[in-house]
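Working notes, structure below.
Any read-out appearing in this document is the output of simple, stated calculations on the displayed coordinates, not a laboratory observation. Since the model is a prediction, treat every value here as computed from it, not as a measurement. Neighbour counts run over all protein chains shown; Cβ positions are idealised from the backbone, glycine included.
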Amino acid sequence: MLKTVTFTVMHFCIAFSVAYVLTGSVTVGGLVAAVEPLCNSVGFYFHEKIWSKLESKKKDAASASIPRHAWLHHHA
């Protein structure tokens with residue numbers, strides 16, 4: 001969760017800077033900086049959860065593909 005929070009702060013600063021440079025408006029920069037990073041942070045959070053599940057399934061599939069007799073021989 002800390003990773004998501006620090007990512008949000010960094011993203012807020014970048015979004016504000018880009019919007020301000022493009023528009024010259026503190027208001028527009030602030031609005032873009034408030035809305036866009038929050039949307040991305042929510043997406044990032046769920047992306048991380050989905051990615052973790054996919055990696056877990058990949059590990060489970062890899063361990064399931066080892067024949068039982070090979071596992072027993074190796075760990076005996």
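Remarks
- Across the alpha-carbon atoms of the stretch 2-75, the computed radius of gyration and Dmax are 21.6, 69 angstrom.
- Neighbourhood charge, 12 Å Cβ-Cβ cut-off, centred on M1 and excluding it, Lys, Arg +1 and Asp, Glu -1: +1
- Computed from the Cβ-Cβ distance with R0 of 35 Å, the FRET efficiency linking E55 to V26 stands at 0.25.
- Pairwise Lys count, the chain - Cα closer than 17 Å, eight or more residues apart or different chains: 4
- Sorted peptide list for 15-26, 54-65, criterion being average Cβ within 10 angstrom, highest first: 15-26, 54-65
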